[in-house]
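Undergrad: Before I ask anything, here is the structure I am working with.
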Amino acid sequence: MKKTFITGFIFCFFLAVLSFNTSAQEYKYDISKYYTPDIVRNSLDLNFNSAGGFSNQLYKRDSLPNNTQNSNNLNGVLGSSFQSYKNTRKKVSLLDINLNLQGQFNNSDYKPSNDSFLATQSTNNLNIGYDVRFYNPKKQFLSLGIHGSIGEDGNMNHFTTNSVKTKAGNQNFDGGFGASIGLGFGRIESVEDARQAIYILDELSKKGILTRQLSDDEVFQFAQQISRVKNKRFLDSRLHLIDEITSVDSFFVSNHLLTKSDATYFTTLYDYWQYGALNSRKSGHEFAINLSPAVILSSDNSLSTDSLTWAHGYFNYFRKVLSITYNYEKPVSLNWQHSANVTLNCNSTLFDQKTLPETNYPSTNSKYTYNDAYLRGSYYISFYPNTRTNYSVGLTQFFYFMSYEDMIGSTTSPDSFQSSTSFNLNASYYFSPQFRLSGNAGIGCNFQSSDNYKLSSLIGGISASLIYSFF
């Protein structure tokens, strides 16, 4: 009797362990097979970056009095980006609007000479683009695009030397318009909604809230439900969230998948709904050939310190670009991603310049063409340890060739060649669904050569940004 009891206890123990492991089993769904239903996504990002510094230096020179230099600088960048993305099986479109405002201030004072230097600089530009692709059932596509831009940048330098004040500056305005047409095959899908579905199912399974393990087809249907509910737009974000959580909850209820609907269930659902799809994940490959003609009109106004008069110039660019690209995205597991890109770009530009006559400056005209081409390849591997964090490491190789010909003076410049290799580390962390910190560190080597010079350099850098998304 005792032996039978022990045997039955052990049997029940292993049965319970097996049942627990089954209920808490992690999903191994291949998100690379996912594709979205008809979706619409809108985003508005605001990016602010600022930096400043100061220095105090003492100069000692022979036969001259010692000079002390006090310097300070401040610069800031305010950028905003709006995107509207629509994806159906037959058509994919993207409206992209970017506004960037940048200012910089530098000031230096020299004692006891009372000399000074003050420089201000601003750069502002607005870019608008609309691209659309039309797909057939074989994933062959026709791409069309239209792009426009306007910009302004200027600088002004004020000098005081021996109590004499002078200034020099430059102000430039430009506007451009371009179009594109291309052909290609293949398709890259956004699969972060499928990854979010796995996040939710894994966590609910671990907490014993699900009655059973979902099949791959049910996981796919759940991810489709997630994609569809994100299409809805609300002015009130609170009502939007309520509608989304209600829709996801209805999937579990209608399929009888819940053992309980308590606070643990809803807080888990809420958490992974907020953070489960913040990181972009993609799958697929595509090859495309694209032709992009463009025209750019520019005016340049410069103030010289010796004449104290403005010189005015006008520039026209007519550009034709042929590009061939191949992109590859592969989520090899739920937490790892491989990304590769190869781009060949060939550009031919006709440049026409005219400077109007000013005091002490005759009018000038120049007209030349330059042709350039570059080949760029990159490979990145990314790691997503949780819903808030991602890391990526990558290698990029860049080759560039340029030739120039003066059409008025019938002269040509030496052809130049450049090679650049860089190794980069990227990381980002979401403090909230709208607020994230991004950082980048990189090191690389450059090589440049022409008929009359060669240059090799080793460069490195690090940067960080705080980004806030309104929606």
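The values are calculated or read from the model by the stated rules, or taken from the named source; none is laboratory data. Keep in mind the model is a prediction, meaning the values are calculated, not measured. Counting neighbours? That spans all protein chains shown, and the Cβs are built from the backbone with ideal geometry, glycine included. When the accessible area is computed, the model is the full protein with side chains, heavy atoms only, and any ligands, DNA or RNA have been set aside. Shrake-Rupley method; radii C 1.70, N 1.55, O 1.52, S 1.80 Å.
Undergrad: May I ask you to rank SER237, SER348 by accessible area, largest first, using a 1.4 Å probe over the protein chains only?
TA: Values: SER237 95, SER348 40 Å².
The ranking, largest first, comes out as SER237, SER348.
Undergrad: Between SER237 and ASP352, with labels modelled 7 Å along Cα→Cβ, what's the label distance in nm to one decimal, could you check?
TA: Simple spin-label model gives 5.0 nm for this pair.
Undergrad: Can you list residues whose amide H is under 5 Å from LYS167's amide H, if they're 5+ apart or on another chain and H is modeled 1.01 Å from N?
TA: HN-HN under 5 Å from LYS167: PHE159.
Undergrad: Hey, another quick one. Sum up the charges of everything whose Cβ sits under 11 Å from the Cβ of PRO331, counting Lys and Arg as +1 and Asp and Glu as -1, but leave PRO331 out.
TA: Neighbour charge sum, excluding PRO331 itself: +1.
Undergrad: To continue, here is another question. Figure the gain on full extension for PHE185 and PHE401 (residue separation times 0.36 nm, minus the Cα-Cα span) and round it to one decimal in nm. Don't skip to the answer; put the middle values down first.
TA: Numbers: separation 216, 0.36 × 216 = 77.76 nm, distance 2.83 nm.
So the extension gain works out to 74.9 nm.
Undergrad: On to the next question. What is the gain in length, in nm to one decimal, between ILE39 and LEU344 on full extension, counting 0.36 nm per residue of separation less the C-alpha to C-alpha distance?
TA: Stretched fully, the ILE39-LEU344 segment lengthens by 106.7 nm.
Undergrad: Okay, moving on. Just report the Cα centroid separation between region 125-162 and region 236-295, whole Å.
TA: 31
Undergrad: Right, something else. Place a point 7 Å from the Cα of SER108 along the Cα-to-Cβ direction; which residues of region 68-100 have their backbone N under 19 Å from it?
TA: 68-75
Undergrad: Could you tally the net charge around LEU201, taking each other residue with its Cβ under 10 Å from the Cβ of LEU201, Lys/Arg +1 and Asp/Glu -1?
TA: Taking every Cβ under 10 Å from that of LEU201, the sum is -3.
Undergrad: Along the charge dipole of region 203-332, pointing to its positive end and built from +1/-1 on Cβ of Lys, Arg, Asp and Glu, which listed residue (SER237, PHE220, LEU322) has its Cα farthest out?
TA: The one lying farthest along the dipole's positive direction is PHE220.
Undergrad: Taking the Cβ of ASN279 as the center, what net charge do the other residues with Cβ under 11 Å away carry, scoring Lys and Arg +1 and Asp and Glu -1?
TA: Summing Lys/Arg as +1 and Asp/Glu as -1 gives +4.
Undergrad: Also: By average Cβ neighbour count within 10 Å, what is the ranking of 204-211, 37-44, 215-222 from highest down?
TA: Answer by packing, highest mean first, reads 204-211, 215-222, 37-44.
Undergrad: I've got another one for you. Taking 30 Å as R0, compute the FRET efficiency from the Cβ-Cβ separation of THR259 and ILE381 and round it to 0.05. Can you show the working numbers first?
TA: Numbers: r = 39 Å, r/R0 = 1.29.
It comes to 0.20.
Undergrad: Per the 1.4 Å probe, what fraction of the accessible area of region 138-284, in percent, lies on carbon and sulfur atoms?
TA: 56
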